[in-house]
Amino acid sequence: MSDYYSDTLDTLPLFRRTDPVTSKAAAADAKTFRGEHHAAILAALSQGPAGASGIAARCGLLAHQVNKRIHELAKCGRIVATGKIVTSASGRGEREWTAPAASR
């Protein structure tokens with residue numbers, strides 16, 4: 001396993017060893033809200049599949065905040081890509097995500 005990924009949400013590092021000190025400082029701040037973001041994204045997906053823009057609209061986060069947490073949730077198996085492309089709020093394509101029944 002790389003130094004970037006881990007198997008559980010609690011132990012996922014928010015930076016790589018090679019990242020600059022500013023990234024490490026930002027990661028320390030992110031630990032205070034990461035769990036809240038994960039919970040909000042999972043709650044939004046309990047309403048059905050959506051892209052990052054749709055998830056953001058449902059839970060009150062910004063799309064870029066959702067995008068930063070999606071890979072963590074996917075790595076741990078809490079969400080999966082449906083294989084569909086949906087239209088984002090900006091009109092571009094984005095991957096659609098869903099929470100497997102076991103994660104809901």
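Bear in mind that the values in this text are calculations on the coordinates, not laboratory data. Predicted model, so just to flag it, every value in this text is computed and none were measured. Please note: Cβ atoms are built from the backbone with ideal geometry, for glycine as well, and neighbour counts cover all protein chains shown.
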- May I ask you to list the residues in the range 37-64 that are of a type in the set (A, V, I, L, M, F, W, C) and part of a loop (DSSP other than H, G, I, E, B)? 61, 62
- Message: Restricting to the range 86-98, and then to whatever is in contact (Cβ under 8 Å) with a residue 12 or more places away in the chain and in contact with a strand residue (DSSP E or B) (Cβ under 8 Å, 6 or more places away or on another chain), can you tell me which residue is nearest to residue 46 (Cα to Cα)?
- Response: 98
- Message: So if I check each of 73, 62, which one is hydrophobic (A, V, I, L, M, F, W, C) and in contact (Cβ under 8 Å) with a residue 60 or more places away in the chain?
- Response: 73
